[in-house]
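Before any comments, here is the structure.
Only the coordinates and a few stated rules stand behind these numbers; no lab work does. Remember, it's a predicted structure, so these values are computed and weren't measured experimentally. Please note: Cβ atoms are built from the backbone with ideal geometry, for glycine as well, and neighbour counts cover all protein chains shown.
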Amino acid sequence: MTRISTPDSWSSALLNLMNAQQSQNDAQQQVNTQKIATDLSGFGRESETLTAFGSAQSKLKGYLDVSKAVDSRLTTQDTAFSEVAGAAQGARQNITDAIAAGRADSLMQAIQQQFQGAVDGLNMQHEGQYVFGGGRLDAPPTSATTLADLTAAPSIGSLFQNGQFKTASKLDDATTVQTGYLASDIGTNLFNAFQAIQAYDQGPNGPLSGQLTQAQKDFLASQIPVFEAANTEITNYQAQNGALQKRVETHITSQSAQSDTLTTLIGDKSNVDMATALTKLAQAQQAVQASAQVLASLRSSSLLNLLSSGQ
């Protein structure tokens, strides 16, 4: 007959209770976190796969953040291009209207407003940086504010103080695009056109006000194609910017889809099946209760208890 001592029985029962409690804790943690484990060691052979998926997703997120930032900047640049192109087109229309009316009563005031619009566009900022600044942060790309600045300056080039760095952005491992433009490239020809109007107004055949002479009409007519050419140049820059926007948007769509796929793959490897987890939790709770009952029965059937009761 095999004898089982009381200490051995207690030790076995305690061990069973501890194991049951650990199983209950593990099951409860899975239910709470909805994850198979909270660290890689808990995933066994799947840990390497999860590490690879996580690294890929982290890298992809970095590129996706860059693409979204670039898209936002390109949107601001598009707005700036619209303002500058609108100034060129607006000035052309002001001149055409003055010639048609034969009068230039408010022509120079209108031209000044168009020039201010061009300056605002060239000096536009995005997140505190000048979009056409060429990397320079301490000064706006153009210092001109009025038409008089154009004729007072030693040259049109001296009115542009942008740097020469054209922003480039890496959208993925194989794609780097140049997304930056310089105010001097965009605005020089337009400023020359505005300067010609201002110089004529200040010259011997000026001012451009009231009834227009034939010489003034001829001069103004000669400036219409100049502003048209400037507008075409700026519109071409804007079209390039728009093509870049489309390309970046395509990258964002593709990268977002890849990120969603990786999220699904990671979830398939790491997310717990809740029905199974709840079943395991219920079983573990029952095991804890059963182990506790065994301990309780051992306590009541102890030889010490029998001796103390006098039986």
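Some notes on this structure:
- nm² value of the averaged projected area, convex hull over the Cα atoms of segment 65-248: 10.6
- Here the 3J(HN,Hα) profile of segment 162-177, calculated from phi with Karplus coefficients 6.51, -1.76 and 1.60 at θ = phi - 60°, is 6, x, 10, 7, 9, 4, 10, 10, 8, 8, 7, 4, 10, 10, 10, 10 Hz, Gly and Pro shown as x.
- Interatomic Cα distance distribution for segment 78-168, bins of 10 angstrom, percent: 17, 40, 30, 11, 2
- Segment 69-76 - phi-based ³J(HN,Hα) in whole Hz, Karplus 6.51/-1.76/1.60, Gly and Pro as x: 5, 5, 4, 5, 5, 5, 5, 5
- Residues THR145 and THR96, FRET efficiency given R0 of 30 Å [Cβ-Cβ distance, rounded to 0.05]: 0.70
- Site pair GLN240 and SER254 shows an inter-label distance of 2.2 nm when each label is modelled 7 Å from Cα along Cα→Cβ.
- Value of Rg/Rh across segment 224-265 [Cα atoms, Kirkwood radius]: 1.44
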